[in-house]
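Chemist: Handing you this structure, nothing more for now.
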Amino acid sequence: MEKEEQLQILKDLIQIKSVNSNEVEVAEYIGKLFQKHHISYKIDKFGEDRANLVAEIGSGKMDEVLGFTGHQDTVSVEDPSAWKHDPFKAEIDGDKLFGRGAADMKSGLAAQVITLIDLVDEGIEIDGKIRFIATAGEEYGTPGANRLNEQGVANDLSALVVGEPTNGQVIYAHSGSLNYQIKSIGKAVHSSRPAEGINAITVLSKYIDAEATLFNDAPKDKILGQLQHSITLIKGGEQVNIIPDYAELYGNIRPTESFDNDQVISTIKNEVAKINKDTEFHLEFHLVHNFRPVETEPDNPFITLVDQAAKDNYQDRDVELQTINAATDASVFITSNPKLPVVILGADESGVAHQTDEYTTLTSYYETVETYESIAKTYFKQ
C-alpha cells in the first residue's frame with residue numbers, strides 16, 4: 001500500500017469520534033477496508049454504539065496463531081479550545097500528525113489493519129493464522145476485551161502484539177492496574193457535639209495512615225521491580241458544621257507477578273478488617289478494576305524476533321527492550337492464556353497520550369507498519 005493511502009486510513013480513523021464510545025463506526029470503517037481486500041472479519045456489536053472487530057488471514061496449515069490487537073476508543077477531549085490543532089481533523093504540521101488518538105492508539109490500530117491488507121495483496125503465504133483483534137472500551141473498564149475473552153478469542157493465540165504507543169521501543173512486560181474504593185461509614189451529628197458522632201473522615205484517615213506502609217513487605221519483582229501504590233481520590237463531608245457520616249477514597253495499585261492482584265486484594269481486606277475489629281469504626285472495601293500484570297521473559301524467542309524487526313525498521317532511533325507501569329487489553333487476554341508471549345510495540349508519542357495536542361509522527365507510523373509486516377512475515381518461519 002502506498003504511503004498516501006496509509007496516511008489517509010490513519011486520518012480517517014482519527015476523524016471518527018470514538019471518545020469512550022462509538023467504536024461501531026470505527027469497526028464498520030475497518031470492515032469496509034477488509035471487505036475491499038477480501039479479508040474475512042466479524043463485527044461484534046453490543047450496547048447502542050459499541051463494537052469489537054475480529055479478522056483473520058492465513059491457511060492454518062500450522063497451529064500457531066499470531067495476534068495483533070488494538071483498541072478503537074480514545075479518552076475524552078476536555079477543552080477543545082485549548083488545542084492548537086483541532087482534535088478531530090488529523091492536521092499535519094511537518095512530521096507530526098495531531099489529533100485525539102493519534103498516539104493512543106489509532107496509529108497502531110491503522111498500522112495493524114494495513115499489515116493484514118498488505119500481506120493479502122502481496123500474496124504472502126501465511127502457514128498459520130494471523131488474527132486481528134480490535135476492541136471497544138480499553139480506556140475505561142475493557143468491556144470489549146472482556147467480552148471477546150469470554151468468547152475465547154485469545155485461547156489459541158501463540159503470541160500477541162499490542163499496538164499501544166511505545167515510540168518504537170519493545171515492551172516485554174507491564175504492570176497490572178488495580179483500582180479500589182474504601183467506604184467509611186460514620187454517624188452524623190452537629191459539629192458542636194463531635195463526641196456524640198463518628199467522623200467518617202477520621203475513620204478513613206486510619207486507613208490512609210496504614211496504606212503508607214501497607215506494602216512495604218511486598219517482594220521486588222525481577223522484571224517490573226517494586227509494586228507501586230497510591231491513594232488518588234478522597235471525598236467526604238457535605239457541610240462544615242456537620243460531623244460527616246460518610247467518606248470514601250479511591251486507590252490505584254500496580255501489581256506484579258511477584259505480588260499479584262489476589263495478594264494485593266487480600267492485603268487491603270486484611271487491613272480493613274483489622275481497623276474494623278480494633279475500633280468502633282466501619283470501613284468497606286470495593287474492587288473497581290482488576291487488570292493483571294503481563295510479563296514475558298526478555299530472552300523469549302518472540303521478544304527476540306520482535307526486537308530484531310524493530311531494530312531493522314525503526315531507522316531513526318535506538319530500539320531497546322523496556323518495561324512500563326501501565327495496563328493494556330493483554331491484561332484481560334492472559335487470564336485465559338497465561339503463558340501467552342506478549343509484546344507492546346507502537347508508534348510515537350507515548351508521552352503525549354491523553355494530552356492536549358496529542359500527536360504521532362509520520363516517520364514512526366510508517367516504520368511501525370514496516371515492523372508489523374516484518375514480524376508477520378518472519379513469525380511462521382522460525
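The values are calculated or read from the model by the stated rules, or taken from the named source; none is laboratory data. Given the structure is predicted, the values throughout are model-derived calculations rather than measurements. Glycine also receives a Cβ, built like all others from the backbone with ideal geometry; neighbour counts cover every protein chain displayed. Surface accessibility is based on the protein's heavy atoms, side chains included, excluding ligands, DNA and RNA. Shrake-Rupley method; radii C 1.70, N 1.55, O 1.52, S 1.80 Å.
Chemist: With unit charges on the beta carbons (Lys and Arg positive, Asp and Glu negative) and the dipole taken about the Cα centre of region 61-217, which residue among PHE132, LEU214, VAL153 sits farthest to the positive side?
Modeler: Of the options given, the answer is LEU214.
Chemist: With a 10 Å radius around each residue's Cβ, average the other Cβ atoms per peptide and rank 266-276, 176-186, highest first.
Modeler: Highest to lowest by the protection proxy: 176-186, 266-276.
Chemist: Also, quick follow-up: With every protein chain kept in the model, how would you rank GLU48, GLU122 by accessible area, 1.4 Å probe, largest at the top?
Modeler: The ranking, largest first, comes out as GLU48, GLU122.
Chemist: Now, a different point. Per the helix-only calculation at 222 nm, which mean residue ellipticity applies to the chain, given -39500 (n - 2.57) for every DSSP H run of n ≥ 4 and division by its residues, nearest 500 deg cm²/dmol?
Modeler: Numbers: 9 runs with 115 residues, N = 382.
Helices in the chain give a 222 nm mean residue ellipticity of -9500 deg cm²/dmol.
Chemist: Angle check, please: helix 200-211 long axis (alpha carbons) against the longest principal axis of the chain (alpha carbons), in degrees 0 to 90, nearest 10.
Modeler: Helix 200-211 sits at roughly 60 degrees to that axis.
Chemist: What residues of region 240-260 lie in the reach of a label at ARG193, counting those whose backbone N is under 19 Å from a point 7 Å from the Cα along Cα→Cβ?
Modeler: 240-246
Chemist: What do you get for the angle between helix 362-379 and the principal long axis of the chain? Use alpha-carbon atoms, 0 to 90 degrees, nearest ten.
Modeler: It is inclined by approximately 80 degrees.
Chemist: Which pairs break 21 Å Cα to Cα here: LYS11/LYS36; LYS61/LYS311; LYS32/LYS381?
Modeler: Working: LYS11/LYS36 19 Å; LYS61/LYS311 29 Å; LYS32/LYS381 30 Å.
Long pairs (Cα-Cα over 21 Å): LYS61/LYS311; LYS32/LYS381.
Chemist: Where only protein heavy atoms count, and the probe is 1.4 Å, what is the accessible area per residue for region 212-289 in Å²? Present the calculation step by step, with values, prior to reporting the outcome.
Modeler: Details: 4520 Å² over 78 residues.
Value for region 212-289: 58 Å² per residue.
Chemist: Also, I was wondering about something else. If packing is taken as the mean number of other Cβ atoms within 10 Å per residue, what is the order of 363-372, 14-23, 194-203, highest first? If you can, show how the numbers build up before the last one.
Modeler: Details: 363-372: 23.3, 14-23: 19.5, 194-203: 17.6.
Ranking the peptides 363-372, 14-23, 194-203 by packing returns 363-372, 14-23, 194-203.
Chemist: Tell me, what % of the accessible area of the chain is carbon and sulfur with a 1.4 angstrom probe? Before the final figure, lay out each step's value.
Modeler: Details: 7560 of 16700 Å².
Ligands and nucleic acids excluded, carbon and sulfur reach 45 percent.
Chemist: Another one. Under the definition of Cα pairs under 8 Å and six or more residues apart, what whole-number percent is the relative contact order of the chain? Working shown, then result.
Modeler: Details: 876 pairs, mean separation 89.8, N = 382.
Averaging sequence separation for qualifying contacts and normalising by length gives 24 percent for the chain.
Chemist: Taking the Cα centre of the chain as origin and charging only Cβ (+1 Lys, Arg; -1 Asp, Glu), how large is the dipole, in debye to the nearest 20?
Modeler: Working: 34 positive and 62 negative charges, 205 e Å.
The calculated dipole for the chain is roughly 980 debye.
Chemist: Report which label in (i) 137; (ii) 147; (iii) 199 holds the value of volume of the Cα convex hull per residue in Å³ derived from the coordinates of this structure.
Modeler: It is the value labelled (ii).
Chemist: Would you grab the residues whose amide H sits under 5 Å from the one on GLY101? Only those 5+ places off in sequence or on another chain, please, with H modelled 1.01 Å from N.
Modeler: Distant-sequence amide H within range of GLY101: HIS354.
Chemist: Would you work out the charge dipole size for region 164-300 about its Cα centre, treating the Cβ of every Lys and Arg as +1 and the Cβ of every Asp and Glu as -1, and quote it to the nearest 20 debye?
Modeler: Values: 12 positive and 19 negative charges, 83 e Å.
That gives a dipole near 400 debye.
Chemist: For helix 23-36, report the angle its Cα long axis makes with the longest principal axis of the Cα atoms of the chain; keep it between 0 and 90° and round to the nearest 10°.
Modeler: 10 degrees
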